[in-house]
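I have placed the structure first, in the form of structure tokens, so that the comments after it can refer back to it.
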Ligand SMILES: NC(=O)CC[C@H](N)C(=O)O
């Protein structure tokens, strides 16, 4: 296992140090810096706005390097988080060696490391988003006996000046290739860089959303990852968003993760795939299909789906995406392969027919059957998601389902294996709960469910207060109806939040 992880790994530190990232020590980092003549070090951490911040160090001596890597640095927490008061604002940022990567954009060789926040007393900051996730993940493992694994599907639009050489078909961008899509090269450049920075990439492709105006082209893309520990799943998304935006700047195009760019065209989701692991085995499916524990997990996620939008759909334009017929969910239900449901069970290589041998009759000997790829996918979150809080909330919801004695029953009641928008099923459709349709409604749902997130101190009270305040401030109740067909106002709203999170 360990050797397989090192072999052919594109992460520059794993390659050089010949060990998996979670085994990196301070001396490994110093050795890498020394061997590669790295001149600078950046501490990176995620601010309240979801973006990667940076603190630059020049490596002036080995002593200095050792001291930064041993003790971290001091920062002004009140400028990073609104709920930290200016009077007691100093925090420590402590590097997590596992996350080190060579900065792909600096002129001078530079190593970046993600950091965690600590208080003046030397304890993790209870309200730090990455610590909230750590608490949720540890609680899940302790109470269920399983490890929660996850990955996000990162959808984005690339907006560039129009070229008419090979026009593309409106809304038919799915898996389109060059020359009928214009920015495949930027996507592949991003995929490679993300992998070299430690991201566990599954693949990248063009997505459905594809349209143009008189002057500009809008091309939707997607990058998917491999399920990993939840903290790593969030980190790889945040680093990927930064890399994509940096590449946008390099190529002079706009890259946006905004949930909706234009009404009537595909929006950008950030679906979360979930897995349950114990002793290197995935417990989401067995030989015959989805396991009972997976169904219970789904029931838990569905139970809290209406408040999870507070973390996963954080701006008014999020709710322009959650509309019928755009491959986005609107109702609380689950099903197989159907993209209108909230939790989808995608194909998971359950059948043991050995398709490779069928397609390659020349293949001799035994072709290994590789089980364990089944995931279940929450489809409500979008590119505005507050990722650490969202992931923590999803984990708590999954845990709640697994521990709930009635969860199987709940799951069975919410299962749909048809298109829920088909008129034939109107009665069933009307009996389902709806996802919130504004930030304001999401806040109301979170308010009702806040005790659940705050239980055992996972989400501090102040964190939930902060979400409620921000969501309510948008004052966007009934926004969908208010803005109906008002293209000027919608465009203004989209532009206001084009680079949110
Ligand atoms: N293929 C897909 O699942 C597309 C998803 C869609 N873009 C969304 O908004 O969620």
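The values are calculated or read from the model by the stated rules, or taken from the named source; none is laboratory data. Small disclaimer: the values here were computed from a predicted structure and weren't measured. Counting neighbours? That spans all protein chains shown, and the Cβs are built from the backbone with ideal geometry, glycine included.
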Original post:
Of the numbered conditions (1) surrounded by fewer than 18 Cβ atoms within 10 Å (Cβ to Cβ); (2) at pLDDT 95 or above; (3) assigned by TED's automatic domain parsing to the domain that holds residue 33, residue 115 satisfies every one except a single condition; which is it?
Top reply: (1)
Original post:
Looking only at the range 379-390, which residues are under 9 Å from residue 312 (Cβ atoms) and within 11 Å of the ligand (Cβ to nearest atom)?
Top reply: 380, 381, 382
Original post:
residue 101 is checked against (1) buried (at least 19 other Cβ atoms within 10 Å of the Cβ); (2) under 25 Å from residue 20 (Cβ atoms); (3) touching a helix residue (DSSP H, G or I) at 6+ places or on another chain (Cβ under 6 Å) and fails just one. What number does that condition carry?
Top reply: (3)
**OP:** Within the range 142-152, identify whether any single residue is in the same structural domain as residue 66 (by TED's automatic domain parsing), touching a residue at least 24 places away in the same chain (Cβ under 8 Å) and not in a loop (DSSP other than H, G, I, E, B), and answer yes or no.
**Re:** no
**OP:** Look through the range 156-169, keep the residues that are in a loop (DSSP other than H, G, I, E, B) and surrounded by 12 or more Cβ atoms within 10 Å (Cβ to Cβ), and return whichever of them is nearest to the ligand (Cβ to nearest atom).
**Re:** 168
**OP:** Quick one: which residue in 231, 219, 207, 235 is touching a strand residue (DSSP E or B) at 6+ places or on another chain (Cβ under 8 Å) and in a helix (DSSP H, G or I)?
**Re:** 235
Subject >> Test set (1) crowded, with 23+ Cβ neighbours inside 10 Å; (2) over 28 Å from residue 140 (Cβ atoms) - residue 217 fails condition number >> reply: (1)
Original post:
Would the range 177-187 turn up any residue that is in contact with a helix residue (DSSP H, G or I) (Cβ under 6 Å, 6 or more places away or on another chain) and either within 29 Å of residue 267 (Cβ to Cβ) or buried (at least 16 other Cβ atoms within 10 Å of the Cβ) (or both)?
Top reply: yes
**OP:** With the checklist (1) out of contact with any strand residue (DSSP E or B) (no Cβ under 9 Å at 6 or more places or on another chain); (2) assigned to a loop (DSSP other than H, G, I, E, B) in hand, flag the one item residue 185 doesn't pass.
**Re:** (2)
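Could we say that residue 280 is modelled with pLDDT of 95 or more and in the same structural domain as residue 145 (by TED's automatic domain parsing) here?
Answer is no for this residue.
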Subject >> Members of the range 35-68 found to be surrounded by 13 or more Cβ atoms within 10 Å (Cβ to Cβ) and free of Cβ contacts under 8 Å to residues at least 24 places away in the same chain, listed by number >> reply: 57, 64
**OP:** Would you be able to tell me the number of residues in the range 447-472 that are free of Cβ contacts under 8 Å to residues at least 60 places away in the same chain and part of a loop (DSSP other than H, G, I, E, B)?
**Re:** 0
Original post:
Within the range 203-222, can you find the residues that are away from the ligand (no atom under 13 Å from the Cβ) and either in contact with a helix residue (DSSP H, G or I) (Cβ under 7 Å, 6 or more places away or on another chain) or free of Cβ contacts under 8 Å to residues at least 12 places away in the same chain (or both)?
Top reply: 204
Original post:
Can you name the helices (runs of 4 or more DSSP H) wholly within the range 261-359 that have at least 3 residues being touching a helix residue (DSSP H, G or I) at 6+ places or on another chain (Cβ under 7 Å) and within 16 Å of the ligand (Cβ to nearest atom)?
Top reply: 305-312
**OP:** Taking the options 395, 402, name whichever one is outside any loop (DSSP other than H, G, I, E, B), touching a strand residue (DSSP E or B) at 6+ places or on another chain (Cβ under 6 Å) and under 30 Å from residue 132 (Cα atoms).
**Re:** 395
